[in-house]
Amino acid sequence: MTYGSRRFADVCLVGAVLAVPLFPRAVLAQETAVDNCLTCHSALDDETLSAPTRAFREDVHGTSGLSCASCHGGDPAAVGFEGMNPATGFVGRPARRELSDFCGRCHSDAQFMRQYNPSLRVDQVAEYITSVHGMRLMQQNDTAVAVCTSCHPAHSIRPPSNPLSSVNPLNVATTCSTCHADAAYMSSYGISTDQLEDYERSIHWEMITVGGDLSAPTCNDCHGNHGATPPGITSVGNVCGQCHSVMADNFALSRHASTFALIGMPGCAACHQNHEIVQANEELLGMSDGAVCVRCHSSDDPGGVVAVSMRSQIDSLMASFAEADSILQQAERAGMEVSEALFELGIANNSMVEARAAVHAANMGAVAERVSEGLEITLQARETGESALAELGFRRTGLAVSVTIILAMIAGLILKIREIENR
């Protein structure tokens, strides 16, 4: 049997390995001083057979002390093809349909995994079976779907914290797009392939790449990891609500929540889209160009009237806040003590944030209540700033008068001294 044609680069080393039923645990757990698997394969001219040996040096399994035989079985101490004898349990390239079980031999064993990473979950295989990928693979024998090695490249798996890892937050979208941005590959599934293009225009992508916030959502945060699936219409709000909890609570109280579910509209995504989520601002509210409310409402229907009113109220608070802040900043730059008023103005900013969140309840009264609280604070802050500037003007006037009097007295003294000297 010729083994030189096998492509070991596709073999799954996702398992942090050793407790494999096919191989005795003692054999798997041993760390042999001689590993002829690496010795022989690194010397081969065929890149498909030698490249994995170089990649494996940085692989999380390789750095944990595991060997080729930990996943593939066989005898690493043997020389030549004897080490790859199927009778000893050697598996060269597991079939794609068997990969989840192949990797799961270790990754589903809590006791075994505890030796390497006690915090790592051991339900990946159970989740994968519930995913769109897993169900198509298991129930329809669709081997074109994503399997372990589709997301975790065999022999070069790195921890998610590593910037080079295929599942690092910065790289997840690229990893998913390997399939989902390939129009030819996805054509048989009837799924659009513009998700990555849209996502790279979103505020979430900007937060990760520009803001450096690796906690910002990427593909797996909304769709799941091993149990990846499209969020259902009734679950979109729950998905978004994991981060945007206040908005989700308000939306649940609105008429939109029940109406959207009734007509099959996907909650948050109906107004904010799903992948191309832009920075939310007041321009989305109301009946003007660019507002999302105009998609369903007209300016003279009850919903349109409420939208216009909410926008007007928030605009008034924003204008009042900006005016008060400008006056206080001017006073502070001039050296006046207005720190307490600036602190109070920060509370008004909280009211503005709460008013924006209350928009999701589509309740004019809820927005008006927050706006009213904020306006009261901004008006007081503006009065404080104006008083400070008035006092500053008074002080400057007094200083000018004082300086004038002092200069006049000095001039008078000089004249008097000269008069005395002339005598």
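The values are calculated or read from the model by the stated rules, or taken from the named source; none is laboratory data. Everything numeric in this text was worked out from a predicted model, so none of it was measured. Reconstructed Cβ throughout: ideal geometry from the backbone, glycine too, with neighbour counts over all protein chains shown. We work out accessible area using only protein heavy atoms, side chains counted, and drop any ligands, DNA or RNA first. Shrake-Rupley method; radii C 1.70, N 1.55, O 1.52, S 1.80 Å.
Limited to the stretch 215-264, what total is found for residues that are assigned to a helix (DSSP H, G or I) and not β-branched (Val, Ile, Thr)? Don't jump to the end; show me each part of the working.
Within the stretch 215-264, the subset assigned to a helix (DSSP H, G or I) is 219-223, 236-241, 245-252, 255-263.
This time we only want the ones that are not β-branched (Val, Ile, Thr), so: 219-223, 237-238, 240-241, 245, 247-252, 255-258, 260-262.
Of the residues in the stretch 215-264, 23 are assigned to a helix (DSSP H, G or I) and not β-branched (Val, Ile, Thr).
Applying the condition of being β-branched (Val, Ile, Thr) and outside any helix (DSSP H, G or I) to the stretch 185-214 and asking which residue is farthest from Ser131 (Cα to Cα) yields Val210. In summary, Val239 fulfils each of the numbered conditions (1) buried (at least 20 other Cβ atoms within 10 Å of the Cβ); (2) within 23 Å of Ala269 (Cα to Cα); (3) more than 15 Å from the chain's Cα centre (by Cα) with the single exception of condition (3). Can you tell me which residue within the stretch 150-165, out of those that are open to solvent by less than 30 Å² (accessible area, probe 1.4 Å) and within 24 Å of the chain's Cα centre (by Cα), is nearest to Ser64 (Cα to Cα)? Once the filter is applied, the top-ranked residue is Ile157. Can you confirm whether the stretch 294-312 contains a residue that is touching a residue at least 60 places away in the same chain (Cβ under 8 Å), of a type outside the set (Lys, Arg), touching a helix residue (DSSP H, G or I) at 6+ places or on another chain (Cβ under 6 Å) and more than 20 Å from Asn250 (Cα to Cα)? So far as the stretch 294-312 goes, no, none of its residues is touching a residue at least 60 places away in the same chain (Cβ under 8 Å), of a type outside the set (Lys, Arg), touching a helix residue (DSSP H, G or I) at 6+ places or on another chain (Cβ under 6 Å) and more than 20 Å from Asn250 (Cα to Cα).
For the stretch 227-236, the count of residues that are under 20 Å from Gln279 (Cβ atoms), open to solvent by less than 50 Å² (accessible area, probe 1.4 Å) and at pLDDT below 95 is at least one. Of the conditions (1) among the acidic types (Asp, Glu); (2) under 23 Å from the mean Cα position of the chain (by Cα); (3) not in a helix (DSSP H, G or I), Asp142 fails just one. Which one is it? So Asp142 meets the others, but not (2). Just one residue in the set Ala77, Ala110 is over 34 Å from the mean Cα position of the chain (by Cα), more than 27 Å from Cys176 (Cα to Cα) and open to solvent by 30 Å² or more (accessible area, probe 1.4 Å); that residue is Ala77. Here Ile208, Ile203, Ile263 are screened, and the one residue that is open to solvent by 60 Å² or more (accessible area, probe 1.4 Å) and of a type in the set (Val, Ile, Thr) is Ile263.
Is it the case that the stretch 322-334 has a residue that's part of a helix (DSSP H, G or I), open to solvent by 40 Å² or more (accessible area, probe 1.4 Å), hydrophobic (A, V, I, L, M, F, W, C) and out of contact with any strand residue (DSSP E or B) (no Cβ under 8 Å at 6 or more places or on another chain)? Yes. Val338 falls short of the stated requirement of being more than 32 Å from the chain's Cα centre (by Cα), without any contact (Cβ under 8 Å) to a residue 12 or more places away in the chain and more than 30 Å from Asp198 (Cβ to Cβ).
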